[in-house]
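S.K.: First, the structure itself, so that you have it in front of you.
The values are calculated or read from the model by the stated rules, or taken from the named source; none is laboratory data. Quick caveat: nothing in here was measured; it's all calculated off a predicted structure. Every residue, glycine among them, receives a Cβ derived from its backbone with ideal geometry; neighbour counts consider all protein chains shown. The area values use the complete protein model at the heavy-atom level, side chains included, leaving out ligands, DNA and RNA. Shrake-Rupley method; radii C 1.70, N 1.55, O 1.52, S 1.80 Å.
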Amino acid sequence: NMLVEFRAKNFRSIRDEQVLSMVASKDKQHAETHLISTSIKSIPSLVSSTAIYGPNASGKTNLINALAFFRGFVVDSATAVKPDQQLNVQPFRLDKDYINQPTELELTYILNGVRYQYGFKLNKDKIYGEWLLVYKSPKPQLWFSRYLNEKTDQYEYDFGSYLSGNKKQWQELTRSNALYLSTAAQWNSEQLKPIFDYIGNEIAVFSSGVLPSPDTSVQMLQNSNIRQELLNFLTSADISISAIDVRFQKGVKQTVKFDSPTGAPEIHREETELAIPQFHHSTGDISAILELQDESLGTQRLFTLAGPLIDILKKGRILVIDELDSSLHTYIVQRLVSMFQSKKINKAGAQLIFTTHDTALLKTEFFRRDQIWFAEKDNSQATTIYPLTDFSPRKKEALERGYLMGRYGALPILNDTPK
C-alpha cells in the first residue's frame, strides 16, 4: 500500500494546483534504504519519506489540512453529513476569480500492485465532480465519473464496464453533498469498499498542535507481545524514564472528534475504567512516579506518537504529520525519520510525510534530494509547493547552508530589527 501523489487546488492559501509527489528520481543515492519498489514499470520506486520546509504561514499546514479534509470527507460524507448541510471547505479568497470556484483534491496510490487515481471537486454546498481511474495496465480504466451540469443542476454519470454492482441504485442514493465512492462503499460495493477502506484506514494525519490520543500507546503497554517494543523505543530516546506501567481507576473518559466535512466538534463522555500510564524516574536513591500530564511536552508527544508509529511501521501505512519537530530534539526527529528509511525496521513499506523547520536534517547523508520539498507564497499570497530537485543540487551539496542562504527560496523575509 503506497501513496504516489496528492494534488490540491483552490484550498485555503493553495490557489493553483499543487502536487506533492512521492515518485523517486533515477538517483541511485540511498536507493537500497530510502526507496520502496512498486513493481510498476512507469513508476518503479517511491520514496519512503518526504520533508516539507518553508516559513511560517507559507501554506505547509494547508497542504496537510487538504489531505486531512480529503480523507475525512471520504470517510464521513455518506454518513456524518446531513442533507443540505454545508461543508467546511474554504477556497482561495484573495482572488475574485477563485472565490466562487470549487476546491479540487485528488489522491493517487497503489494497492495490491494496482494504481488508483481518485478525486473530487466541491464547494461548501455540493459536489461538482468526482472520478476514479484504475491502472491495471498502462492504459487507465474509467470506473466511474460524475459531473454536475450547471445548466440543469443535475449530475451526469459515466460508468465504465469494469465497475460491477448496483451502480444505478448507488447513484440514486448519493446526495449532492456526499461522495459516490463513500455511498457505494456503505452499500457494500465489493470493488469500491477496498478503495474507501484504504483512504480511511491506511492514511493517518496528525495536524499541527494536536497530539494524537495516547490510547494506542497505552493499549500497547497492556499487550505483552508489543509492550517491550514500545518501552525500547521510548528508552532509546533517552528521556530519563526507567520504566512505565499502567494503573487502572474508574472515571469519565471524554473524547473530542472534529467532523472533517463540517468542522463541527463532537464531544463524547462515558464512565469507564481508565488506564493511566505511570512513568518511573530514578536517580541515585531517589525515585518518582509521574503521570503523562506531568511529563514534559516532548515526552508527552513522543509517548503519544510511539504507539501509532509502531503500528504504522508494522502495517505499512502512511503517516502524515505537521510539525514533526515540535517539542522534539533534532536527534529524536532524525531517529523517527530513520525508522522509515531502514529496511530492517520498515519491512512493510510504510511512508512518512511531514513538515518541519529543523534544518539540521538537510544533509545528503540523511536524505535523497528527491525527498525534500519547499513551500512558499508568491506576491499574490498563493502557496507554491516545489521539490529541491528543481534546483539540480550537486550530490554532496551543503543543503542546510544553501537553504539558509536563500538558494532554494522558502525562507521568511524579515524586516530590520526595530531599535
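S.K.: With axes computed from alpha carbons, what is the tilt in degrees of helix 60-76 against the longest principal axis of the chain, rounded to the nearest 10 within 0 to 90?
M.R.: Taking Cα atoms only, the helix is inclined about 60 degrees.
S.K.: Oh, and also: Could you give the length gained by full extension between Val114 and Asp215, i.e. 0.36 nm per residue of separation minus their alpha carbon distance, to one decimal place?
M.R.: 33.0 nm
S.K.: Still on this structure, I have one more. For the pair Tyr162 and Leu274, how long in nm is the line joining their label points, each one 7 Å along Cα→Cβ?
M.R.: Taking the two extended label points, one gets 5.1 nm.
S.K.: How much mean residue ellipticity at 222 nm does the chain get from its helices, if each DSSP H run of length 4 or more adds -39500 (n - 2.57) and you divide by all residues, to the nearest 500 deg cm²/dmol?
M.R.: Taking each H run of at least 4 residues, the total per residue is -7000 deg cm²/dmol.
S.K.: Of the residues Leu173, Leu361, Leu319, which exhibits the maximal mean-square fluctuation in a Gaussian network model of the chain defined by a 10 Å Cα contact cut-off?
M.R.: Among Leu173, Leu361, Leu319, the largest mean-square fluctuation in the Gaussian network model of the chain belongs to Leu173.
S.K.: Output the peptides 242-249, 384-391 sorted from most to least packed, where packing is the average of other Cβ atoms within 10 Å over each peptide's residues.
M.R.: 384-391, 242-249
S.K.: Moving to a separate point now. What angle do you read, to the nearest 10 degrees and between 0 and 90, between the alpha-carbon axis of helix 330-340 and the longest principal axis of the chain?
M.R.: Relative to the chain, helix 330-340 is tipped by roughly 50 degrees.
S.K.: Give me the distance in nm between label points sitting 7 Å out from Cα along the Cα-to-Cβ direction at Ser207 and Gln222, one decimal.
M.R.: Going from the Ser207 label point to the Gln222 one covers 2.9 nm.
S.K.: Note down the net charge around Lys60, summing +1 for each Lys or Arg and -1 for each Asp or Glu among other residues with Cβ under 11 Å from its Cβ.
M.R.: Taking every Cβ under 11 Å from that of Lys60, the sum is -2.
S.K.: For Gly200, what is the net charge nearby, where nearby means another residue's Cβ is under 11 Å from its Cβ and Lys, Arg count +1, Asp, Glu -1?
M.R.: Spelling it out: positives minus negatives among the neighbours equals -1.
S.K.: Suppose R0 equals 41 Å; then what is the FRET efficiency for Gln101 and Ser137 from their Cβ-Cβ distance, rounded to the nearest 0.05?
M.R.: Computed FRET efficiency for Gln101 and Ser137: 0.75.
S.K.: Taking Cα centroids, how far is the range 127-199 from the range 321-382 in Å?
M.R.: What the calculation gives is 35 Å, centre to centre.
S.K.: Quick check: residue separation of Ser338 and Gln249 times 0.36 nm, minus the Cα distance between them. What number comes out in nm?
M.R.: Here the segment from Ser338 to Gln249 would lengthen by 28.3 nm.
S.K.: Using a 1.4 Å probe on the protein chains only, how many percent of the accessible area of the chain belongs to carbon and sulfur?
M.R.: Of the solvent-accessible surface of the chain, carbon and sulfur hold 48 percent.
S.K.: I've got another one for you. Express in nm, to one decimal, how much length is gained between Ser296 and Asn232 on full extension, taking 0.36 nm for each residue of separation and deducting their alpha carbon distance.
M.R.: 21.1 nm
S.K.: Check the straight Cα-Cα distances from Lys121 and name the lysines below 28 Å, setting aside those fewer than 8 residues away within the same chain.
M.R.: Lys9, Lys60, Lys82, Lys96, Lys136, Lys139, Lys151, Lys167, Lys168, Lys193, Lys257, Lys377
S.K.: Using a Förster distance of 41 Å, how high is the FRET efficiency between Ala57 and Asn149, based on the Cβ-Cβ distance and rounded to 0.05?
M.R.: So, using R0 = 41 Å, E works out to roughly 0.60.
S.K.: Give me the accessible area per residue for the chain, probe 1.4 Å, as a whole number in Å².
M.R.: Solvent-accessible surface per residue comes out at 50 Å².
S.K.: Also, quick follow-up: What nm value, rounded to one decimal, do you get for the distance between Glu32 and Thr283 when each label is placed 7 Å out toward the C-beta?
M.R.: Between Glu32 and Thr283, the simple spin-label model gives 4.3 nm.
S.K.: On a 0 to 90 degree scale, rounded to 10, what angle separates helix 227-236 from the longest Cα axis of the chain?
M.R.: It is inclined by approximately 70 degrees.
S.K.: Please return the longest stretch of the chain lacking exposed loop sites, where GluC sites (Glu not before Pro) count only if DSSP places them in a loop and at most 14 other Cβ atoms lie within 10 Å.
M.R.: The answer is 191-364.
S.K.: On to the next question. Assuming R0 = 51 Å, what is the FRET efficiency of Asp378 and Ser240, from their Cβ-Cβ distance, to the nearest 0.05?
M.R.: Calculated value: 0.65.
S.K.: Quick check for me: using +1 on Lys/Arg Cβ and -1 on Asp/Glu Cβ, what's the dipole size of the range 312-359 about its Cα centre, in debye to the nearest 20?
M.R.: It comes to approximately 560 debye.
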